[in-house]
Every structure is written in structure tokens, then in C-alpha cells.
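Asks: Quick one: the structure is below, questions incoming.
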Amino acid sequence: MYKQFIHSGLRLALAATTLATLAACSTVSNVDDAGKTDQPVFPKISDASMPEGYYVNQDNLASIRAGMTKKQIMALIGHPQFNEGMFGVREWDYIFKFRQPDGADKVCQYKVLFDKDVLAQSFFFSPADCMTPTPEAPAVKSVDLSADATFGFGSPTLSSQGRASLDKLANEIDMVQVDQIEVIGHTDRFGSLTYNDSLSTARASAVRDYLLGKGIPQSLISAEGRGADEPLVACSGAKTAQVIECLAPNRRTTITIHSK
């Protein structure tokens, strides 16, 4: 009986020592009894059970609050990914992936610290600005209007078809917050440098002026002619009907819309 009592006491002492050791080793960030630390230490991502991370439910993540239990945390965002347990552990670590507007993934580490009563109290991200939204790149739309359809032959005067195309485009522009509109006129290679520069500039200006008449502020729109400097196709040969038709894609007015 006495020996059983001694063995039982030894087992209890050993268990107490083990728990104390677990508690002592349960944090790497010097977590105090209130579940706080001035210097959170994040483990190496390569040591995680899922180093690639996973897409966390962001509504669930936003629902996490101080005072939650481990079971409540786990119900919202899953089990931690660094083999942390439920007992004697006072910090949990995760790797999350967040899809960005450009389609890329932002990978972040997330840490939860628990107080002496094992209630969540502190939360950290690495990098610290992980949840700061990445600014979306300005939207850019480019439209090529065929010069053959938009203008009279060799003329900067808009045709009825050209005006109809610009009316449609103006309606689309009204639907977005425009930052800048660039109108660039282009010609084919036939004609002198001076003639092509002049014609492409006049056509770009005609498009700009028409859009101004539709209410687009002058400060937002510019016009420029680039003659035959930026061809889309190369068609060799003399000025024949066949070559002129082949070069049609080069005779165009490009409207580039930058929206916020």
C-alpha cells in the first residue's frame, strides 16, 4: 500500500513536471500571462504542415475576437499548421493565401496568442500590413477605329458611321470614372511624311473634339498623330488596290481609356 502511494506520488510529480515543461516550452514569443508580447516570433514557413498555405474564409477571419477559446478559433479558421496541440500551447500559427486583384496570391503568416487561461488575446500578421488591400491597377481599355469607316477617304471629317461609333463609346465612357483618354491617329505608309503626320493629327483631333462635344472634360483627353510610324501589318509592294486593302489595319485611330 505504501509502495503504491509512493509510485502514485511519483507519477503525479512526473506529470506535473511534464505539464510545467510543456507550458514553459509552449511559447517562442515570450507570451505573458495576459496573452501579450512585444516581439512576436514567426516560425519558418518551410516547417509548416502546409507550407503552401490555404485560402482562409475572410469573413470567418474577421469574426475572430479576444476571449475566444481554441475550439472557437479552430471552428472559424481551422487547425494551426505547425503541429501545435490543444494543451499547454499558448500560440498558434497559420499560413494564409489571399487572392489579389491581379490574380496573384499574397501569402501571409497569422499568429494567435493565448493567455494563462488559454483564451485568445493577441493576433499578429507577417507581414504586418497583410490585410491592407493592394491597390488595384487602373483599368485600361483600348479601341481601334478603322479610319476607312470612321472618315472620308483622305479626309479628317467624321463619317456617319464614325459618329455612331463615337456615340457608343461616349456612352461607355459615361459609365466609368475616367482618369485619362488618349487619342492617337495612324496612317498607312503611302504618302509623304508631312502629309501622313498632318492627316493622322487632324483625324485624332476630330475624334477628340467630338468626344468633347459629348461632355468629356478637356483636361482628360489628348490627341496626337503618329503618321505611319506604328504599323500593325507590313504589306510590301507598290500602291495597288490589293496592297491598299492589305494595309487597312494601319489606317486607324486608337482611343485608349484609363479609368480609376
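The values are calculated or read from the model by the stated rules, or taken from the named source; none is laboratory data. A quick note: this is a predicted structure, and the numbers were derived from the prediction, not measured. Cβ sites come from the backbone with ideal geometry, for glycine too, and all protein chains shown count toward neighbours.
Asks: Give me the residue from region 81-107 that is touching a residue at least 24 places away in the same chain (Cβ under 8 Å), hydrophobic (A, V, I, L, M, F, W, C) and part of a strand (DSSP E or B) and, out of that set, farthest from E52 (Cα to Cα).
Replies: It comes out as F98.
Asks: If you don't mind, another one. How many residues are out of contact with any helix residue (DSSP H, G or I) (no Cβ under 7 Å at 6 or more places or on another chain), within 20 Å of R90 (Cβ to Cβ) and among the aliphatic types (A, V, I, L, M) if we restrict to region 52-76? Talk me through it step by step, then tell me what you get.
Replies: First, pick out the residues of region 52-76 that are out of contact with any helix residue (DSSP H, G or I) (no Cβ under 7 Å at 6 or more places or on another chain): 52-55, 57-59, 62, 65-75.
Subset that is within 20 Å of R90 (Cβ to Cβ): 65-75.
From the residues that got through so far, the ones that are among the aliphatic types (A, V, I, L, M) too are 66, 68, 73-75.
Of the residues in that region, 5 qualify.
Asks: Please verify whether region 197-204 includes one or more residues that are at pLDDT 95 or above, closer than 25 Å to A139 by Cβ and not aromatic (F, W, Y).
Replies: Pass one, region 197-204, residues at pLDDT 95 or above: 197-204.
In the following step, the residues that additionally are closer than 25 Å to A139 by Cβ were identified as 204.
When the remaining residues are screened for being not aromatic (F, W, Y), the result is 204.
Yes, there is a match, as at least one residue in region 197-204 is at pLDDT 95 or above, closer than 25 Å to A139 by Cβ and not aromatic (F, W, Y).
Matching residues to (1) of a type in the set (A, V, I, L, M); (2) within 30 Å of V243 (Cα to Cα):
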position	(1), (2)
I173	yes, no
G191	no, yes
Y195	no, yes
A202	yes, yes
E230	no, yes
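Asks: Which count do you get for residues in region 28-72 that are assigned to a helix (DSSP H, G or I) and either β-branched (V, I, T) or surrounded by 10 or more Cβ atoms within 10 Å (Cβ to Cβ) (or both)?
Replies: Restricting attention to region 28-72, the residues satisfying the condition of being assigned to a helix (DSSP H, G or I) are 45-47, 58-62, 70-72.
Checking the rest, the ones that are also either β-branched (V, I, T) or surrounded by 10 or more Cβ atoms within 10 Å (Cβ to Cβ) (or both) come to 45, 47, 58, 60-62, 70, 72.
Selection size over region 28-72: 8.
Asks: When only residues in region 234-260 that are of a type outside the set (S, T, N, Q) and within 34 Å of the chain's Cα centre (by Cα) count, which is farthest from S155 (Cα to Cα)? If you could, list the steps in order and put the result at the bottom.
Replies: First, the residues of region 234-260 that are of a type outside the set (S, T, N, Q): 234-235, 237-239, 241, 243-249, 251-252, 255, 257-258, 260.
Restricting the remaining residues to those that are within 34 Å of the chain's Cα centre (by Cα) gives 249, 252, 255, 257-258, 260.
Details: P249: 17, R252: 13, I255: 18, I257: 25, H258: 28, K260: 34 Å.
By that ranking, first place goes to K260.
Asks: Which condition does C130 not pass, out of (1) touching a Cys at 6+ places or on another chain (Cβ under 8 Å); (2) in a strand (DSSP E or B); (3) modelled with pLDDT under 90, if it passes all the others?
Replies: Of (1) touching a Cys at 6+ places or on another chain (Cβ under 8 Å); (2) in a strand (DSSP E or B); (3) modelled with pLDDT under 90, only one is false for C130: (2).
Asks: When the residues of region 85-114 are narrowed to those that are of a type in the set (D, E, K, R) and crowded, with 19+ Cβ neighbours inside 10 Å, which ends up nearest to P43 (Cα to Cα)? So that I can check it myself, show each step before the final result.
Replies: Step one: list which residues in region 85-114 are of a type in the set (D, E, K, R), which gives 90-91, 93, 97, 99, 102, 105-106, 111.
Checking which are crowded, with 19+ Cβ neighbours inside 10 Å leaves us with 90-91, 93, 111.
Working: R90: 14, E91: 11, D93: 8, K111: 10 Å.
Among those that are of a type in the set (D, E, K, R) and crowded, with 19+ Cβ neighbours inside 10 Å, it is D93.
Asks: Across region 202-229, which residue is nearest to S155 (Cα to Cα) among those that are hydrophobic (A, V, I, L, M, F, W, C) and in contact with a Pro (Cβ under 7 Å, 6 or more places away or on another chain)?
Replies: The qualifying residue nearest to S155 (Cα to Cα) is A202.
Asks: To continue, here is another question. Which one of the conditions (1) over 30 Å from A139 (Cβ atoms); (2) touching a strand residue (DSSP E or B) at 6+ places or on another chain (Cβ under 7 Å); (3) surrounded by 15 or more Cβ atoms within 10 Å (Cβ to Cβ) does V118 fail to meet, given that it meets all the rest?
Replies: (2)
Asks: Which numbered condition in (1) more than 35 Å from the chain's Cα centre (by Cα); (2) on the phi < 0 side of the Ramachandran plot; (3) touching a residue at least 60 places away in the same chain (Cβ under 8 Å) is the only one that D117 fails?
Replies: Among (1) more than 35 Å from the chain's Cα centre (by Cα); (2) on the phi < 0 side of the Ramachandran plot; (3) touching a residue at least 60 places away in the same chain (Cβ under 8 Å), D117 violates only (3).
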